[in-house]
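Throughout, read-outs are computed from the coordinates displayed, never taken from laboratory work. This one's a predicted model, so the numbers in the text were calculated from it and none came from an experiment. Every residue, glycine as well, gets a Cβ built from its backbone with ideal geometry; the counts of neighbours run over all protein chains shown.
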Amino acid sequence: QALAGQRNVALTEFSNLTQLLAQELGVEPMSETTRLAAAIRAGKVERGARPATSQKAEMKPARAVRQAEVILLDKVDRFWVQGVRQQSLYGAPPLKLAMETMPSALASPWEMVVGQAEQSERPLPAGISINDVFGDSGRALLILGEPGAGKTTTLLELARARLEEARANAAAPLPVVFNLRSWADKRLPLTEWLVEELNIKYLIPLKIGRTWVKAGRLLLLLDGLDEVRTESQAACVAANNTFRHEYGLVPLAVSSRASEYMTLPEKLRLGEAIQLLPLDGEQTERYLREKAGPQSGLANILER
């Protein structure tokens, strides 16, 4: 814009950029950008001229892509893990919920081969992490539970663990949380909906989002299948299954209320389904004692 003679427009864009970076990421523009703005403000960048740039100032494509990935990870962490997850825990450490497998919740291409004995529920080892369960599922997991069972919190615990991996390993898939509720608005193919949600919710440019989705770069964490309008839930499951046929190696986890999901005519095609079990009396009492403290009135009531 400055080279085209629109000096004031260029400086306004720089001001907008500075404000956006501060609001969204809490950072300042790169030093090269700040120096360029100063040069424009001082009238050292003239119409038709080319400002002097160093090789360092030319951001390499790989670096630009990784920077976009880091920005996405930071947004997932800030909103979902540090925000929604922490608020749902009310400052307490997460409970180790009991879980059991639920094979009947999935559509399996092997169901005509596997015997009925293999279709029964079985408890998972006590204290197993959702990250390990996800890995054992072939990175394709359905998380079921009743209202208040901890489905979203469990999904976000998986997001937290996978964020750590993605930050430590640039080749690891990028965990991104999506709420399926908005899918029913347009009922798009899942690939198109994901690109749109990346743009609307995370401010990821459409071109970058489309590249990530097509390349299988994301680890999809789809929350709230039961929050989709009732008349659209079956179609949402079908859209997920269509996506799985084309992108079957993309890591994916879905959460839903068990009661609503089990009534649907079509089941998800995933590697494993688990159900979160209600807390037993001992777990509830231990949690309340730890949360309230030994000197509280609640502790006295529990003693009675």
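Summary of values
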quantity: Nearest-0.05 FRET efficiency for L203 and A4, computed from C-beta distance (R0 30 Å); calculated: 0.70
quantity: Entries of K207/K267; K151/K267; K96/K151 with Cα pairs more than 20 Å apart; calculated: K207/K267
quantity: Burial ranking of peptide ranges 16-23, 129-136 (average Cβ count within 10 Å, highest at the top); calculated: 129-136, 16-23
quantity: Spacing of the two label points (7 Å from each Cα toward its C-beta) at N131 and A170, in nm; calculated: 2.2 nm
quantity: Dipole magnitude of the range 128-184, debye to nearest 20 (Cβ charges: Lys/Arg +1, Asp/Glu -1, about Cα centre); calculated: 220 debye
quantity: Among 4-15, 247-258, the order from most to least packed when residues are scored by Cβ within 10 Å on average; calculated: 247-258, 4-15
quantity: Linear extension gain, A42 paired with D185, 0.36 nm per residue minus alpha-carbon span; calculated: 46.5 nm
